[in-house]
Amino acid sequence: MQTPFIEPGETNNAQLFFITFIYAYVLYQASDLISGGSELLMLVPAVAGLVGSIVLPILGAVPDGMMVLFSGIGPNAQETVAVGVGALAGSTVMLLTFPWFICIVFGRVPLKDGKADYANKGKAPFIGSAITFGPSIKTSAKIMLGTTLLYLVMQIPASLLEFRGDDTKEQARGEHTAALVGLVCCILAFCGYLVYCYFDANEDKQLAAVVEGIEKKQISIAAALQFIQKTSGSQHELLSQDRVRLKKVCKPFFKRYDFDKDATLTKDELKPLLHDLGYWPDSNNMEKIMGAANGGYTASRLNASMDKDGDGKINFDEFVDYLYNFMCDDTKMALAPSFHNPKYIKYDEEDEDEEEDMPQDLAHLTPKQQMCRVIMRSLWMMGLGTVLVLIFSDPMVDCLSEWGTRLGISPF
């Protein structure tokens, strides 16, 4: 079959280096076109939520995926596939180790009582320093370990056949079923990962910031309830998703009052809640809330009003129901002490979200024209990048394989 590309085996070292550099540069530019086109889609509100969660993971896998695919095509696929798999493994290891190394070296802070002390602005010593990481790192590590196990679906049967002494053809026939099962499992795992990315990207980041503020005691219970009121569809009839948001806000408060950690609140544990809700005994607030004839509002009365099942203790659902009714009472909400750190609560009119900049050459167009141009530009950038990857992946694999042969290094 004729090809416009130079056969690597017919070149000297200088020529091989030159064409390898050219192919690598073209693939780099192709990858840049794909990522640039994907980022342009962030300007389209209708698909912005899908870009980072689904489009980027799929298109990001195109270059490495094509390398593996083309390395496994041809008469010597058993040997040449190692080139593609090696390129994939190498790029993955680099992407994992370099950012982690940079985070550790440049992000470390001095230790204090065995924990990273970010309040200390002094120079971190090489020994006696540390970093902390968020829950997303732990989740990503579990995903990586889980997907790694898919390798065993194929490797275990292959190892058994090789241990039995079968030749290459016999091993290939014996691995057909395992290969198919492995393929299906990998496809399902990848689809599951895309679903996870979608929900993670569309998570209520504002609500997460509020919960963080509550845990750091930067938001009062009244301010948190006001946040739910202002960001819900209806103040007096919460939708199911708003009810879930209310529970997320109430949970850190419940944990704060639950001193003995038995998942219930007693009368003594409700005393701090009295003050947080503005129920100060013998105060003007109480006369406005309960009426002068009712006298002071004690922990016992609060317990009685919250305890629906009569067991003398308040569970989480009863706690949420009471705060929901409290939130719907404008008089009580107006008298409850309210404070919050603006860092954690930003309403839509105050929010200053970072937005993607519209390309300068499109700034003079109408919004509708801008969206049309952005979509068309994004499609041709991603399309051109994908075509270049398809064209140059195969010759790049041949170059890497030839370098392995000349240097006496395993293609992997």
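The values are calculated or read from the model by the stated rules, or taken from the named source; none is laboratory data. Everything quoted here is computed from the prediction, not taken from an experiment. Neighbour counts are summed over all protein chains in view; Cβ atoms, including those assigned to glycine, are modelled from backbone coordinates with ideal geometry. Accessible surface is based on the protein model in full, side chains and every heavy atom, while ligands, DNA and RNA are left aside. Shrake-Rupley method; radii C 1.70, N 1.55, O 1.52, S 1.80 Å.
Here are the numbers:
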read-out	value
Filter pass, GLU356 being open to solvent by 30 Å² or more (accessible area, probe 1.4 Å), modelled with pLDDT under 80 and touching a helix residue (DSSP H, G or I) at 6+ places or on another chain (Cβ under 8 Å)	yes
Residues that are open to solvent by 70 Å² or more (accessible area, probe 1.4 Å) and at pLDDT 55 or above, drawn from the range 283-303	ARG301
Any hit, the range 26-46, residues being under 25 Å from ASP200 (Cα atoms), at pLDDT below 75, surrounded by 14 or more Cβ atoms within 10 Å (Cβ to Cβ) and touching a Ser or Thr at 6+ places or on another chain (Cβ under 8 Å)	no
Checking ALA89 against (1) in contact with an Asp or Glu (Cβ under 6 Å, 6 or more places away or on another chain); (2) in contact (Cβ under 8 Å) with a residue 60 or more places away in the chain, the condition it does not meet	(1)
Residue check, GLY60 modelled with pLDDT under 80 and on the phi > 0 side of the Ramachandran plot	no
Qualifying positions in the range 152-190 - in contact (Cβ under 8 Å) with a residue 24 or more places away in the chain and open to solvent by 80 Å² or more (accessible area, probe 1.4 Å)	THR168
First in the range 11-27 and more than 10 Å from PRO395 (Cβ to Cβ), second anywhere and not acidic (Asp, Glu) and not in a helix (DSSP H, G or I), Cβ under 8 Å, 6 or more apart	GLN15/ILE6
Subset of the range 191-216 that is surrounded by 12 or more Cβ atoms within 10 Å (Cβ to Cβ) and over 27 Å from LYS247 (Cβ atoms) - its residue that is modelled with the lowest pLDDT	LEU194
Some residue of the range 395-405 being at pLDDT below 85, under 29 Å from VAL44 (Cβ atoms) and assigned to a helix (DSSP H, G or I)	no
Residue within the range 67-87 that is modelled with pLDDT of 70 or more, open to solvent by 50 Å² or more (accessible area, probe 1.4 Å) and under 19 Å from the mean Cα position of the chain (by Cα) present	no
Residue count, the range 307-335 (criterion: more than 18 Å from LYS261 (Cα to Cα), in contact (Cβ under 8 Å) with a residue 24 or more places away in the chain and surrounded by 13 or more Cβ atoms within 10 Å (Cβ to Cβ))	8
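Per-residue answers, yes or no, for (1) modelled with pLDDT of 85 or more; (2) over 21 Å from GLU212 (Cβ atoms):
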| site | (1), (2) |
| --- | --- |
| ARG245 | no, no |
| LYS248 | yes, no |
| PHE253 | yes, no |
| ARG256 | yes, no |
| ASP260 | yes, yes |
| LEU265 | yes, yes |
| LEU270 | yes, yes |
| LEU274 | no, yes |
| PRO281 | no, yes |
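Each row is one residue, and each column tells you yes or no for (1) open to solvent by less than 80 Å² (accessible area, probe 1.4 Å); (2) of a type in the set (Phe, Trp, Tyr); (3) in a helix (DSSP H, G or I).
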| residue | (1), (2), (3) |
| --- | --- |
| PHE106 | no, yes, yes |
| TYR118 | no, yes, no |
| PHE126 | no, yes, no |
| THR132 | no, no, no |
| ILE137 | yes, no, yes |
